[in-house]
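Taking it in order: structure first as structure tokens, then the write-up.
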Amino acid sequence: MKETYKKILADLKVQKAKELMIADDPKTWEQLQELTLIPAFSRFEEKRADRFQEMVEAEGFKTERDEVNNVYTTIKGTGDGPTVFITAHLDTVFPLDTPLAIVEKEPGKFYCPGIGDDTSNLAQILTLLRAIRDSGLKFKGDLIIGGNVGEEGLGDLYGMKAFFGKKENLDRVDGYITVDGGPSAIGYLGTGSYRYKVTFRGPGGHSQGNFGMPNPIHAMGRAIAKFADMMPPTEPQTTFSVGVVNGGTSVNSIAIECSMLVDMRSNGKAELDAEDAQFHQILKEAVEEENGRWVRDRARYSDVFTRPGQAPWCDRKVELIVEKVGDRPVARQNADDPIVVAGIEAYKACGIDVKLSGPGSGDFNVPIAMGVPSVGVGGGGNGGGAHSKDEWFSPVDIGAGLFKILVMLCGYLGVDGVSEPLLPKKG
């Protein structure tokens with residue numbers, strides 16, 4: 001494998017591609033800025049997908065765009081190698097009304113929501129396309145390359161689910177790379193997660209005049225307290241969180257409705273399912289306790305429970321509505337699988353002190369769980385503050401940092417007249 005990468009790095013077309021990528025930094029930075037200023041909240045990526053598609057086509061590549069707005073092009077190889085799919089995600093975590101302005105707060109350090117994750121890598125997909133085209137590189141396998149939707153938050157990986165949910169795509173792709181992460185780490189394990197919107201609903205009323213009526217917010221409070229007392233396993237790591245709560249009418253009202261968004265994660269499928277079952281039991285118990293509390297105290301509060309012509313207020317129950325809004329599969333593969341080992345050797349060949357990162361949650365969860373070998377990598381440049389309004393990117397050595405991914409692609413796919421593919425084809 002080391003000899004393969006020596007041949008790849010010695011190839012004149014690969015060397016030319018590196019020179020082109022380094023010289024391309026100004027255009028990469030220009031396109032990165034333009035894409036950053038196009039809002040692309042998860043499930044609302046259409047405008048950014050439009051512009052990205054135009055940029056790909058402006059480079060002379062024919063694009064495909066599916067029903068969910070994944071945009072990609074295929075670079076055909078000689079037919080003697082595997083098919084690799086590589087993308088950066090189009091979406092960001094920031095709602096469409098988030099103000100977007102690129103500000104250089106420190107020399108060479110540019111701030112704007114979404115400028116790094118994952119817009120910086122999306123622009124570098126375009127850089128890869130130009131380098132492959134202008135260097136004359138010819139792979140043995142086919143390369144599918146582009147931008148995908150739905151990686152962040154409640155996007156729930158719907159872009160990858162749509163792509164790999166089609167049998168023809170699942171059958172033809174032998175390996176997947178998501179460009180979304182640190183520059184010197186390779187991810188290969190996916191943390192699974194279940195996410196829920198839980199709504200507690202009741203008739204509502206006045207805090208004094210209708211005292212004794214079960215309260216949705218109290219029921220939710222009971223659920224949160226029980227949830228917070230859970231003791232998940234530490235190995236495999238299993239976590240939980242109530243991330244958002246909403247509801248209520250006024251300080252002197254018994255709420256009609258309230259809701260919470262809940263996130264549960266684990267690196268083990270069995271552990272995630274066990275936590276999920278415990279969570280649902282907690283919800284049931286919390287509602288039963290809130291409703292039952294007032295039935296038990298009916299005699300004590302009989303003067304406020306009943307009005308002429310009305311049933312006792314304690315008979316008006318809190319109802320529970322549970323909606324699953326996220327389901328990311330646990331994704332396991334071995335550290336000695338060819339896609340991981342060949343990826344590590346590509347980094348080493350480029351002089352990078354590479355490390356394998358711990359389990360994460362991203363686009364590669366879906367293909368790994370479906371049996372497609374996959375890794376997560378980062379491109380060039382430097383950045384930080386992801387998912388915050390102080391997100392920043394420094395456009396230094398973009399092409400030089402991106403080169404390792406091109407070398408990785410050369411290794412996986414094989415280079416015509418230079419090297420055989422290191423990534424096996426299915427079957």
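Each reported figure results from applying straightforward, stated rules to the coordinates on display, with no laboratory input. In this text, all values refer to a predicted model and were calculated from it rather than measured experimentally. Cβ sites come from the backbone with ideal geometry, for glycine too, and all protein chains shown count toward neighbours.
Quick notes on this one:
- Derived scalar couplings ³J(HN,Hα) [region 274-279; Karplus, 6.51 cos²θ - 1.76 cosθ + 1.60; whole Hz; x for Gly, Pro]: 5, 5, 4, 5, 5, 4
- Per-residue Cβ neighbour rank within 10 angstrom, fewest leading, Ser207, Ser361, Ser374, Ser42: Ser207, Ser361, Ser42, Ser374
- Whether the chain is rounded, prolate or oblate, judged on the alpha carbon gyration tensor where a/c under 1.5 counts as rounded: prolate
- DSSP beta bridges fully contained in the chain are about 70 percent antiparallel.
- Set of region 341-361 residues, backbone N closer than 19 Å to the point 7 Å along the Cα-Cβ line of Met1: 341-359
- Prolate/oblate/rounded label for region 4-161 (Cα gyration tensor, a/c 1.5): oblate
- Listed pairs Lys76/Lys324; Lys62/Lys324; Lys138/Lys167; Lys2/Lys62; Lys140/Lys404 exceeding 29 Å between Cα atoms: Lys76/Lys324; Lys62/Lys324; Lys2/Lys62
- The modelled label-to-label distance between Lys324 and Glu64, using points 7 Å beyond Cα along the C-beta direction, is 2.8 nm.
- Gyration tensor verdict on region 78-174 (Cα atoms; rounded if a/c is under 1.5, prolate if a/b is larger than b/c, oblate otherwise): oblate
- Here each label is just a point 7 Å from Cα along the line to Cβ, and for Leu12 and Lys426 those points are 3.9 nm apart.
- Each residue in Val407, Val396 was given a count of other beta-carbon atoms within 10 angstrom of its own, and listing them fewest first yields Val396, Val407.
- Legend: calculated FRET efficiency, Val242 to Lys348, from the Cβ-Cβ distance at R0 = 35 Å, rounded to 0.05, equals 0.25.
- Cleavage-rule hits (trypsin sites (Lys or Arg not before Pro)) in region 299-340: DSSP loop, at most 14 neighbouring Cβ within 10 angstrom: Arg300
- Of the trypsin sites (Lys or Arg not before Pro) found in region 161-197, the ones in coil according to DSSP and having at most 15 other Cβ atoms within 10 Å of their Cβ are Lys166.
- Intensity falloff of region 152-210 expressed as log10 I(q)/I(0), Debye formula with alpha-carbon point scatterers, at q = 0.15 Å⁻¹: -0.70
- Efficiency of FRET from Cβ geometry, Phe211 and Asp336, R₀ 51 Å, rounded to 0.05: 0.20
- With Cα atoms, 0 to 90° folded angle of helix 216-228 axis to the chain main axis: 50 degrees
- Spin-label model distance (nm) - Thr98 vs Leu170, 7 Å beyond Cα toward Cβ: 3.3 nm
- Only the Cβ atoms of Lys and Arg (+1) and of Asp and Glu (-1) were treated as charged; on that basis the dipole of region 192-327 about its Cα centre amounts to roughly 500 debye.
- Unit charges on C-beta of K, R, D, E only; dipole of the chain, Debye: 500 debye
- Here Ala400 and Glu106 are evaluated by their C-beta separation; at R0 = 22 Å the FRET efficiency comes out at 0.55.
- Length added when fully stretched, Ser253-Lys355, from 0.36 nm per residue minus Cα-Cα: 31.2 nm
- Rg/Rh ratio calculated on Cα atoms of region 192-327 (Kirkwood radius): 1.07
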